[in-house]
Amino acid sequence: MKCALITGGSRGIGKAICIKMASLGYYVLINYKSNLEEANNTLAQVMLADGNGELLQFDVANKEQIKQVLGGWIEANPEKHIEVLVNNAGIRDDSLMAWMGEEQWDHVLKTNLDSFFYVTRLILSDMLAQKYGRIINVVSLSGIKGLAGQTNYSAAKAGVIGATKALAQEVGRQGITVNALAPGFIKTDMTEGLDEKELKALIPVKRFGLPEEVAHAAAFFASPEAAYITGQVLSVNGGLYT
Ligand code: NAP
């Protein structure tokens, strides 16, 4: 059975990707941290898309939990193969560097960057054995250009971009592609408090993006036909670069 694991699948961009993967015929593993109600809502929408899946609760910032829950699932389901991994779960905790606490730095780095290593490492061995895999990392415009007030978040996302390019070179000959999606401003809980009216003036397309528009790009990277595209960063940002 071909499976897709989406971290942070209970809300926002991850939720839209879960529903998209279901429509493409994947058994969807919906990871979430704490919001069981929203995770169940995603699962219900996966079912509505004629798909199937299950919830997998673990904190991507906690390597022991990843080993226990995800490692346990892999061991218990040898007949299921995770063909598509979307490292999407992420947080921001903004502050000017001068005022940034150690906890703010550590938590953002653990959630956005360390999670890539601990989750992907677990999935990779089966992809290598199957000689097929699609790894998609959700990064950010912030990791490409850097944003004031986000030294922690920009560093984490830039780190994932570097890892995407390095891993793509390691596993290319084994049929595994590794790419990154860099959203600009997307309408989710993460952008809830932002002044959309003011910010959209900066965006050539003149609006915030929708989670479904990021999911569409994820489906492209996930497709078997995208086999010759790896180590890339695709911006989904309405043309916003400055
Ligand atoms: P969101 O609406 O805030 O949703 C975050 C999701 O991640 C939720 O499902 C949440 O689970 C999960 N999550 C958070 N911390 C987690 C942890 N430690 N372990 C497991 N799951 C965790 O965020 P979003 O806007 O969809 O963002 C998704 C990704 O896109 C992030 O990597 C973000 O950095 C990136 N991004 C977003 C934007 C944007 O404009 N929205 C722009 C650029 C990049 P619970 O529901 O259980 O809390």
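Structural remarks
- Rolling a 1.4 Å probe across the protein heavy atoms gives the chain an accessible surface of 48 Å² per residue.
- Expressed as a whole percent, the accessible area of the chain that falls on carbon and sulfur atoms is 54 (1.4 Å probe).
- The sum of -39500 (n - 2.57) across all DSSP H runs of n ≥ 4, divided by the residue count of the chain, sets its helix-only mean residue ellipticity at 222 nm to -12000 deg cm²/dmol.
- Inter-label distance for D195 and N52, nm, one decimal - labels placed 7 Å from Cα along Cα-to-Cβ: 5.1 nm
- When W99, W73, W105 are compared by accessible surface with a 1.4 Å probe, the order from highest to lowest is W99, W105, W73.
- 14 Å reach of a label modelled at F220, 7 Å along Cα-to-Cβ, counting backbone N of region 149-181: 179-181
- Lys, Arg +1 and Asp, Glu -1 on Cβ, resulting dipole of region 69-185 about Cα centre, debye, nearest 20: 480 debye
- Region 63-110 versus region 189-212: alpha-carbon centroid distance in Å: 26 Å
- Note on the chain: GNM, Cα springs under 10 Å; of A180, A166, A89, the largest mean-square fluctuation is that of A166.
- Whole-Hz Karplus values for region 176-187 come out as 10, 9, 9, 9, 10, 10, 10, x, x, 9, 10, 6 Hz, taken residue by residue from phi with 6.51 cos²θ - 1.76 cosθ + 1.60 and θ = phi - 60°; glycine and proline positions read x.
- Close amide H pairs (under 5 Å, H built 1.01 Å from N) link A180 with N137, Q232, V233, L234, residues at least 5 positions away or on another chain.
- Full-stretch length increase - K80, K67 - with 0.36 nm per residue and alpha-carbon distance subtracted: 2.9 nm
- From phi via Karplus (6.51, -1.76, 1.60), per-residue ³J(HN,Hα) for region 37-53 in Hz, x at Gly/Pro: 4, 5, 5, 5, 5, 4, 4, 4, 6, 5, 5, 5, 7, 6, x, 8, x
The values are calculated or read from the model by the stated rules, or taken from the named source; none is laboratory data. None of these values were measured; they are calculated from a predicted model. Counting neighbours? That spans all protein chains shown, and the Cβs are built from the backbone with ideal geometry, glycine included. Heads up: the accessible areas ignore ligands, DNA and RNA and are worked out on the full protein's heavy atoms, side chains in. Shrake-Rupley method; radii C 1.70, N 1.55, O 1.52, S 1.80 Å.
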